[in-house]
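So the structure is just underneath, and the comments pick up after that.
Just so it is clear, none of the values below were taken in a lab; they were calculated from the coordinates. Note that the structure is a prediction, hence the values are computed from the model and not measured. All Cβ positions, glycine included, derive from the backbone under ideal geometry; neighbour counts span all protein chains shown.
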Ligand SMILES: C[S@@+](CC[C@H](N)C(=O)[O-])C[C@H]1O[C@@H](n2cnc3c(N)ncnc32)[C@H](O)[C@@H]1O
Ligand SMILES: [Fe+2]
Ligand SMILES: [Fe+2]
């Protein structure tokens, strides 16, 4: 299956979807506001505070042990200062994405999806730090949104997607490969179309499109490699879509590992065994965060 | 005394660095209760003091006592399910494909430190299930070895208690285990694939003759060895493994820093080592 035809298929699917969730009004306004040259953080905070669910979710995301703030951040304004203006846009987009898909109506439960996503976000942040990547917040957010397209498949192509999941159950087949084979497109292309529609920044679009093929990335291959590897680690510990995918990999043969080792040679000495065990230990925090983000709605 | 998170992490890191065994946070209370026994026995008052004792000159002696408390010298059938899944899903088919291409239809598996044989017999059951399909016309050789003659004799006998067989999936149990007065007797169909011998992993002269294995298990024993001995033993395993073979350690063990030739291959719930 070539990339162009998979992209065409995805575009067609996303364009023809009438009830594709839209971004909340407030998020759109936030995005407009932060484009202004003389924007002040106070104004952004005031605007965001008009959407309580969004505010609550931003606070949960930032204060979770998964994200590891230096100390608890109690006000939205402080949170935005901490993140910096350049990240507010992404956080607004991420929480919009959470808002857009907070109803359990897909082939797989949302909690499994979000636990994987936040898990990959957390691990991406840790990996980013390990290799000296300059923007840890970016890595965190890229990890959270990388599988955007998966929710589309699960929610809007419920039956077809269920059939894909059934076909790989307990087999050593990657979900992304089964999608390509059976649906003619994958969550990468679909996610990219959605990200374009929602005006996600370019680097994130690339992560969504290339997180399974990091060596094809051109804008930020390091970021794509970070997310790719974090995704693999989460897939072999208990952040693997509730065990729906059975993944196995030989670390040294992974292209992401090569890319990151070139970037930071000392990575070769990493204690990956210990890393996996520590990851197991962090899973309750991830689950806790996901459930708190979704109870923020009530 | 409840153990503080900070002290738990100090002691767990210490155990990990010396023994290569990781205590997950879920086992914190277990560790806490076992530490209490050792603190009683040594008269040490706080966890921090106990940690200092472990690090002190007579620490290695105390560590032996602690290890006795926190590890159980037990074994049972189907002990490491993620490992078995990985073997069935991927590793075995992969090895079989390679050997089929070479026209070499023989599988050799070693359970090093096999204790009373459960690990070796678990493999035998799993392979036996594949006699009609993947392993049709294959020769299967499973070897179990242990330093302790008593457990080697038990392994040869193949009679088990309820605890030991509790994890065997029903389908296997029905086929391969016969219950008799609270004793669980292993079917001769399984037994005939496995041989048991006495072998000390420190015995270099014997270790070099354990050749050409496709899969080696050495679970829950290297944690008692010091780093130098671990390295030496693991190097033997490395040499004795086929180039496409796999080497398995126990559930929360790690070989990091013990051998830098083996590569990690990850799968859900675990990893294995490859040349
Ligand atoms: C806890 S059992 C492990 C059984 C099995 N491998 C498992 O994981 O369930 C540990 C075994 O290692 C054996 N052992 C200890 N030191 C050994 C040595 N130097 N050489 C061979 N076996 C040894 C003991 O006799 C004991 O049976
Ligand atoms: Fe993906
Ligand atoms: Fe993923």
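Worth a mention:
- Taken over the range B:217-275, the convex hull of the Cα atoms encloses 74 Å³ per residue.
- Overall Cα dimensions of the range B:5-70 - principal axes, largest extent first, Å: 27, 21, 21
- Spread of Cα-to-Cα distances over 5 Å intervals beginning at zero, given as percent, for chain B: 1, 5, 12, 15, 17, 15, 13, 10, 6, 3, 2, 1, 0
- In the range A:22-100, inverting the average of 1/r over every pair of distinct C-alpha atoms gives 12.5 Å as the Kirkwood radius.
- Residue exposure sequence - B:33, A:117, B:115 - by fewest surrounding Cβ within 10 Å: B:33, B:115, A:117
- Shown for B:12, B:58, B:166: other C-beta atoms within 10 Å of each C-beta, ranked fewest to most, produce the order B:58, B:166, B:12.
- Working from Cα pairs under 8 Å separated by at least six residues, relative contact order for the range B:1-126 is 19 percent.
- The angle separating the long axis of helix B:59-70 from the principal Cα axis of greatest extent in chain B is about 60 degrees.
- Folded to 0 to 90 degrees: helix B:118-128 orientation relative to chain B principal axis, Cα: 30 degrees
- At R0 = 51 Å, FRET efficiency that the Cβ-Cβ distance of residue A:18 and residue A:72 yields, to 0.05: 0.75
- Compactness of the range B:18-112 - radius of gyration and Dmax, Cα, Å: 20.9, 64
- Unit Cα scatterers, Debye sum, chain A: log10 I(q)/I(0) for q = 0.14, 0.15, 0.16 Å⁻¹: -1.05, -1.22, -1.40
- For chain A, the relative contact order is 22 percent, taking Cα pairs closer than 8 Å that sit 6 or more residues apart in sequence and dividing their mean separation by the residue count.
- Label-point gap, in nm, between residue B:163 and residue A:253 - each point 7 angstrom along Cα→Cβ: 4.1 nm
- Helix B:227-240 vs. chain B, principal-axis angle (Cα, 0 to 90°, nearest 10): 10 degrees
- Rounded to the nearest 500, the helix-only mean residue ellipticity at 222 nm of chain A stands at -21000 deg cm²/dmol, with each DSSP H run of n ≥ 4 adding -39,500 (n - 2.57).
- Full-extension gain in nm, residue B:46 to residue B:226, via 0.36 nm per residue minus C-alpha separation: 62.1 nm
- For the range B:81-274, averaging the sequence separation of C-alpha pairs within contact (under 8 Å, six or more residues apart) and dividing by the residue count gives a relative contact order of 23 percent.
- The order of A:247, B:234, going from fewest to most other C-beta atoms within 10 Å of their C-beta, is A:247, B:234.
- For chain B, calculated [θ]222 nm from helices alone, where every DSSP H run of n ≥ 4 adds -39500 (n - 2.57): -12500 deg cm²/dmol
- Computed from Cα atoms alone, the Kirkwood hydrodynamic radius reported for the protein assembly as shown is 26.2 Å.
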